[in-house]
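FYI, it's all coordinate maths here, none of it is from the lab. The shown structure was predicted, so the numbers you read here are calculated from the model rather than taken from an experiment. All Cβ positions, even for glycine, are placed from backbone atoms using ideal geometry, and neighbour counts span all protein chains on display.
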Amino acid sequence: MARFYLTTAIDYVNSRPHLGTAYEKVTADVIARYRRLCGFSTHFLMGNDEHSQNVYQRALELGLEPRAYCDQMEQVFRDVWAKLAVSFDDFIRTTEERHRVAVTTLVQRIADAGDLYEGEYEGWYCVSCEAFKPDKDLVDGNCSIHQTRPEWIKEKNHFFRLSKYRDRLLQHYEANPTFLQPDARRNEMLRLLEGGLEDISVSRTGQSWGIPLPSDPSSVVYVWFDALINYIAAVGYGTDDERFRKWWPADLHVVGKDITRFHAVVWPAMLMSAGLALPRRVFGHGWVNWQGQRMSKSLGTSVDPLDAADRLGPDPLRLYLVKEIAYGHDGDFTWERFEERYNADLANNFGNLVNRVAVMAHKYRGGRLAPVPGATPQLADRAADVVRRYQAAMDEYQLHIGMAAAFDLIDATNEFITRSEPWVLARTPDRRAELDQALFEMAEAVRIAAILLWPVMPASCTEILRRMGQVGPISEIRFDRDTAWAGGERQIVKGPPLWPRIEAPGAVAAARGGVTASTGAGDTMTDETEPAAAPRVSFDDFMRIELRVAKVLAAEPIPKSKKLLKVTVDTGSGERTIVAGIARSYTPETLIGRSVVIVANLETAKLMGVESNGMMLAATDPDGRPVLLTLDDPAAAPPGSRVR
């Protein structure tokens, strides 16, 4: 079986993890889960960096011994990662004996290679970064990352001959174009290497919190030199040769862009000096910003990941982080955006689709579905294309593109429901086979989409697979086999909403009895299920819905849709496009010039590939056909007039 060794940066434990820290762990977990799904024997390593002076100072502030403080913080970090469903296989701490042995062994090998020497360091040192800072890396005299002024220090140190490995590193980059990704990080490191390297300090004097330097027990190994060695310590370097041969080199180091230099220049040079293989790839991800600023504990711009997970659930948070932030680039987190995407992607889209399929399966076929022998599935080719694009993206760590591909299948399934109109097929006895095939295809497409999204939303997608009739434990699912279009009878299971919608402008309009909001997605609300009693709402809730008069300027059919029209309206403050499911009652030319009522503050939705910015309100006649709500006297209420 092929193996895959994946690591993240280990974390300082001077405070709780923030959402930016969680972003790295969640994205790495998605990669690990995907590799397991593909059948790889996967080893996913995380851990804590405990020999930091920041950690030592924090322990003293709390009146604790450093090791006792680190023991407490290990549980704090483990609790956060458990809440976020991060499935690491090993969790290393730099105070462990296996790490001490690995550090001592590697430092001695580097010394034996003639790459350590004594000297004196004088310069800037950022305590928050735990890193030495040359003048060129400062902005107005401050650390560019933490925006604080570094300390000027002068001390006797042991130095590593980093400059010796500049040419070998350049050769490695040239021979291995994907060694460092994304390209922006690679270009930064190439410029650094081309400009020349300076030797770096590998020890600190006058400190007892750390691992003693083998040749000088009065000094401890510098925290960054110490920390990098965790990647080989965890797989047996210096303690278990057979285990080390099995897992090293690492297939992927996932780290933040601010520490790429340590992982893509210093760490490879250390390994070259010791005669060890280099990791196959380093990925430097971007930052999660809060209101335009980097999320940082020291800057006071952090969000607690437990707060975010408690707000809407761990799976929605994981989806937001992976889908909304282009992997390798910076992204922004706000509570408003998080809630918007929850409603749009989950409550209104995927969750609604799962519910529609289950409800129709039980209403029309008692939950038991099977394909029609000899029928050609309409969604099978689309699903195969999505799987291909998803796999290509995930193999290259383009996680956001993989998620977009998965949601393409969800969108295609919603469009298929709109085209096939199962509720119409159910009223026509001689179209029974068509209904059987349509219901099965919907369930099969949802099953495949759930597998694609499982690495990101493991708990939710496990439940969706159960509802769609997937047999067997999730651990037995394999990507190549189980994302192929399948046949066979299956039992669909109904359940409560996976992601209840957060009440927002527009939600009330969709629930009003006797009037349907005509967006093309109106089938979700009325056509294929029995109308439910509309819940009562407060006057204040109702007033949040902005109903306005609009005049139809143009209309045209939407290709491949029997129900949808693309309508351009004048809202009094500009023009906008609305996709309306009214083609069974109105031809485009009969709409032009009409004054209609629209929901003006509804979230944007994409239907059949067209972006819709609002709803046209309609009643339904006894045959279920839409009847637009229009004005008796359009001249008395021009476009933009408020409807109350």
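Computed quantities for the displayed model
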quantity: Cα-centre dipole for the chain with unit charges at Cβ (Lys and Arg positive, Asp and Glu negative), debye to 20; calculated: 1440 debye
quantity: DSSP-loop trypsin sites (Lys or Arg not before Pro) across the stretch 555-604, with at most 15 other Cβ within 10 angstrom; calculated: 560, 562, 584
quantity: The stretch 355-412 - charge dipole about Cα centre, Lys and Arg +1 at Cβ, Asp and Glu -1, debye rounded to 20; calculated: 500 debye
quantity: Compactness index (Cα Rg / 2.2 N^0.38 Å), the chain; calculated: 1.15
quantity: Nonlocal amide H pairs with residue 11, under 5 Å, H built at 1.01 Å; calculated: 47, 48, 49
quantity: Whether the stretch 1-105 is rounded, prolate or oblate, judged on the alpha carbon gyration tensor where a/c under 1.5 counts as rounded; calculated: oblate
quantity: Residue-count net charge about residue 283 - beta-carbon cut-off 12 Å; Lys, Arg +1, Asp, Glu -1; calculated: +1
quantity: 15 Å beta-carbon shell around residue 475, net charge (K/R +1, D/E -1); calculated: +3
quantity: Theoretical ellipticity at 222 nm over the chain - DSSP helices of four or more residues, -39500 (n - 2.57) apiece, nearest 500; calculated: -11000 deg cm²/dmol
quantity: The stretch 334-491: Cα Rg divided by the 2.2 N^0.38 Å rule of thumb; calculated: 1.04
quantity: Highest-first arrangement of 307-314, 263-270, 625-632, where packing means the average Cβ count within 10 Å; calculated: 263-270, 307-314, 625-632
quantity: All Cα pairs of the stretch 3-311, percent lying beyond 38 Å; calculated: 8 percent
quantity: Theoretical gain in end-to-end length, residue 601 to residue 142 [0.36 nm per residue, Cα-Cα removed]; calculated: 160.7 nm
quantity: With at most 11 neighbouring Cβ atoms within 10 Å, loop GluC sites (Glu not before Pro) (DSSP) excluded, longest segment of the chain; calculated: 199-488
quantity: Across 25/246; 562/606; 323/363, pairs whose alpha-carbon gap is larger than 28 Å; calculated: 323/363
quantity: Dipole axis of the chain (+1 Lys, Arg; -1 Asp, Glu on Cβ), positive-most option in 271, 313, 352; calculated: 352
quantity: Interchain or long-range residues, amide H under 5 Å from residue 95's placed H; calculated: 50
quantity: For the stretch 171-178, 3J(HN,Hα) per residue [Karplus equation, 6.51 cos²θ - 1.76 cosθ + 1.60, θ = phi - 60°, Hz, x = Gly/Pro]; calculated: 5, 5, 4, 5, 7, 10, x, 9
quantity: Potential extension, residue 633-residue 108 segment - 0.36 nm per residue separation minus Cα distance; calculated: 180.0 nm
quantity: Charged-residue dipole, Cβ positions (Lys, Arg, Asp, Glu), the stretch 334-491 about Cα centre, Debye nearest 20; calculated: 580 debye
quantity: Percent of alpha-carbon pairs separated by more than 24 Å within the stretch 299-416; calculated: 41 percent
quantity: Charge tally in the Cβ shell below 9 Å around residue 379, where Lys, Arg are +1 and Asp, Glu are -1, residue 379 excluded; calculated: -2
